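Single-structure report; data block below.
Please treat every number below as a calculation from the coordinates, not as lab data. Bear in mind the structure is a predicted one, so any value in this text is a computation, not a measurement. Backbone-built Cβ (ideal geometry, glycine too); neighbour counts: all protein chains shown.
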Amino acid sequence: MALVEVKVPDIGDFKEVEVIELLVKPGDTVKVEQSLLTVESDKASMEIPSSHAGVVRELRVKLGDKVAHGSLVLVLEVGAVEVAVAVAATAAAAAPGVTVNPPPPQPSAVKQDGVKTTSLIEVLVPDIGDFDEVAVIEVMVKVGDAIKLEQSLITVESDKAAMEIPSSHAGVVKDVRVKVGDKVAKGSLVVVLVVVGEGEAAGAVSAPMASAAAASVAAAAAVVAAPVASPVADRVVPTAALAAHQPTVLQTGLPHASPSIRKLARELGVPLSEVKGTGLKSRITQDDVQSFVKNVMSGATQTAAQKLKAPAAQQAGGSFPGLLAWPSVDFAKFGPVERKDLSRIKKISGANLHRNWVLIPHVTNHDDADITDLEAFRVATNQENERSGKGTGSVKVTMLAFLIKASVAALKKFPEFNASLEGDAIVFKNYFHIGFAADTPNGLMVPVIKDADKKGVMQISQEMSELAKKARDGKLSPAEMSGGCFSISSLGGIGGRYFTPIINAPEVAILGVCKSSMQPVWNGNEFQPRLMLPLSLSWDHRVIDGAAAARFNVYLASILADFRRVLL
Ligand code: CAO
C-alpha cells in the first residue's frame, strides 16, 4: 500500500475554477477515471476524474475552494500496481510535447459599403477539443427566434462535461438542424440564421467572431494536447473553447447541474428545469434530483407534464379508462377569476384522500349517541377544575377526548377496526394510537395521540390541545402524525348533522362526529329532551362487514351514554 496525491490536471486556460460538488468522501473506494469533484468556470462545469484506483484517505478540497492545474484534490491509498502506473504517468507529464492546433481558416470579408444585405449563415459546432462526438442535451432556440451574437444555441454533453454552443452571429433562426439526442462534432450544422448586415455581407460579420473563436479554439487544442499526469485528464477540458464568450447559463435560465446529475436526471426522466437546486449557486445536486423523484412518487408534487394531464387523469386516467376527460373550461369567459396554487399540505392531503377514496370500498354507517349525562359530567369537570385550579391555563376537558377514550374501548372489543390490510392478510394492532383531524389555515392535518389506552381523558385533552396548536402553527413533526390506528374527524365545534369521512389509509375505519343537539327521544313512555351526538363511521368493506360496523357504532354510543360500561 502507498499513498498517491491526486491533483487537478491541466484544465485549459482557466486560471482558477470553483469546487462546486464533492463526489467522494474519505473511506470511499474509487476506480480509475471515477469523477472526484465537479468544478465550474463561468462557461462550463467539469468533473475531475481520479488518476488512480484506491481508497480515499484524505480530501484536500472543500466546497467553494478555488483550484487550478496542479491543486491537490485528495490523497489515495493505492496498491503496488497503481503506484507503478502513477510513476509512469508522472514521468510522461514531465515530457515536453505541447502542441497547438492551428486556428481554422477564417472566412473572408466581403465589403458592400452602404448596402443593407440579408444573408443566410450556417452556424457550426466549433472545435470542442478532442471529442469525436458529443450528445445534444438541450436545444435552446427555435425557428423565428431572434438570436444575439454569442447567445447559447444548444447544450452538448460528453461523459465528463457539459458545454453550451454559442452563436457566431446575430440573426433570426431560419432552421434548427439538431435535436435533443443527436450526436454532433466539430463542424456539425446547428442552425441556419438570417443575418441582416449594414454594408456588410454575412461573411464579413462573422470575421471578428471567427477569429475570437479561433483563438480560444487554439487554446483549447493546446489544453487537449498537453500531456497530463492522469491517463484521462484530457477528457475534462473541452470547454476552454468557449472561454471567449460571455456567460450564458444565467441568460438562458438553464438548470445548473453537472454532467453526471444531468445523466442521472435523464435516466430517471426527471425534468431538470423543474428541480430546485440547493447546492452552491443554486446548483442541482443528486439529493435534489432524488427528493424530486420521491415527491413525485408520493404525490406531494407533480411534474409540469403531469399537471397538464392531471385533470383528465383525475377522471379518465389509467385507473378509469373509458371515462370522459375532465372538462376544460375557460372560467374567465364567464366572469373575473383569480388563480391560486394549492398549499403544500392541500396537495399532499389531496393526493392521499384521492387515493384512499378511489382504492378503499367505503361504507358509512350513521348513528346517534345520547351524551346528555356525559356532557353534563364534562361541563361539571371543567367547572370543578376551574375552581380547584387544576384547569389553569387553556386546557379543558373536551368531548373529543371522551370520544377518543370511547373509541379505544370499541377498538378493543372489535379488533378488526384496529387493523390494516396487507395484501391478503390483516395486521391486527395491539396498540391504540388515535389520530384526530385538525383544521389548519393551510389544510387538513391528522396528529396522533399515541397509546391513548394508557392515558386519562385529562392527559388526552392536554395533548390534543398541544398537537392542534402545533398543527395550526405548521410545527407538527412527521412522528407526531404517524402510527395512527384509527382516526376521528370532529366537526362538532362547527355544525352539521352527518357526513362521510374518508378513511385514512392504511387504517380501516374513521369516525366522523358532528354537532350535538337536543332531540326528543322516546323512552318507552314519553318523549324526553336528550343531547344527541351524530356519529358517522366509515369503514373498509374489504376488512369489515356491515353488521360489525353497526355493532361498533351501537357499542360506542352505549359507552358515550354511560361511560361506566368501559369497566364491564
Ligand atoms: N357538539 C357540540 N359542541 C361541540 C362538539 C360537538 N360534537 N364538539 C365540540 N363542541 C364545542 C366545544 O365544546 C367548544 O365549545 P366551548 O368553546 O363552548 O367549550 C366548541 O365546540 C369548539 O370546539 P373545538 O372544535 O375547538 O374543539 P374540539 O376539541 O372539539 O376539536 C379540533 C379540536 C382540533 C378537532 C377542532 O378544532 C378541529 O380542527 N376540527 C375540525 C376537524 C376537521 O376539519 N374535520 C374534517 C375532516 S374531513 O375534511
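Long-range amide H contacts for Glu138: which residues qualify at under 5 Å (H placed 1.01 Å from N, peptide plane, sequence gap of 5 or more or a different chain)?
Amide H to amide H, under 5 Å and 5 or more residues apart or across chains, Glu138 pairs with Thr155.
I'd like the Karplus ³J(HN,Hα) series for region 489-502: coefficients 6.51, -1.76, 1.60, θ = phi - 60°, whole numbers in Hz, and an x wherever there's a Gly or Pro.
Result, ordered by residue: 10, 9, 10, x, x, 10, x, x, 10, 9, 8, 10, x, 8 Hz.
Hey, what does the equivalent ellipsoid look like for region 330-450, semi-axes from the Cα gyration tensor as sqrt of 5 times each eigenvalue, largest first, whole Å?
35, 26, 15
Fully extended, how many nm does the chain gain between Leu63 and Thr29 (0.36 nm per residue separation, minus their Cα-Cα distance)?
Once the chain is fully extended between Leu63 and Thr29, it gains 10.2 nm.
Over every pair of different alpha-carbon atoms in region 426-568, take the mean of 1/r and invert it; report that Kirkwood radius in Å.
One decimal place: 16.7 Å for the Kirkwood radius.
Excluding residues on the same chain fewer than 8 positions from Lys469, give the lysines whose Cα lies under 19 Å from its Cα.
Excluding near neighbours in sequence, the set is Lys346, Lys396, Lys450.
Residue by residue through region 15-29, which ³J(HN,Hα) values in whole Hz follow from phi under the Karplus form 6.51 cos²θ - 1.76 cosθ + 1.60 (θ = phi - 60°), with glycine and proline marked x?
My calculation for region 15-29 gives 6, 9, 10, 9, 7, 10, 7, 9, 9, 9, 9, x, x, 5, 8 Hz in order.
If I model a spin label as a point 7 Å beyond the Cα along the Cα-Cβ vector, how far apart are those points for Lys413 and Val379 in nm?
Result for the modelled spin labels: 2.7 nm.
When only DSSP loop residues count, what trypsin sites (Lys or Arg not before Pro) in region 253-284 have their Cβ near at most 14 other Cβ atoms within 10 Å?
Filter output for region 253-284: Lys276.
Could you give the length gained by full extension between Asp562 and Ser482, i.e. 0.36 nm per residue of separation minus their alpha carbon distance, to one decimal place?
Taking 0.36 nm per residue and subtracting the Cα distance, the gain is 25.7 nm.
Near Lys31, which lysines are there with a Cα under 30 Å away, not counting those fewer than 8 places off in the same chain?
Lys7, Lys15, Lys43, Lys62, Lys66, Lys160, Lys183, Lys263, Lys281, Lys294
Obtain the nm distance between the two label points defined at Ala305 and Ser465 by a simple spin-label model: each point lies 7 Å from its Cα along the Cα-to-C-beta direction.
5.2
Run the dipole for region 434-566 about the Cα centre, Lys and Arg Cβ at +1, Asp and Glu Cβ at -1, nothing else charged, and hand back the magnitude in debye, nearest 20.
Result for region 434-566 is approximately 160 debye, rounded to the nearest 20.
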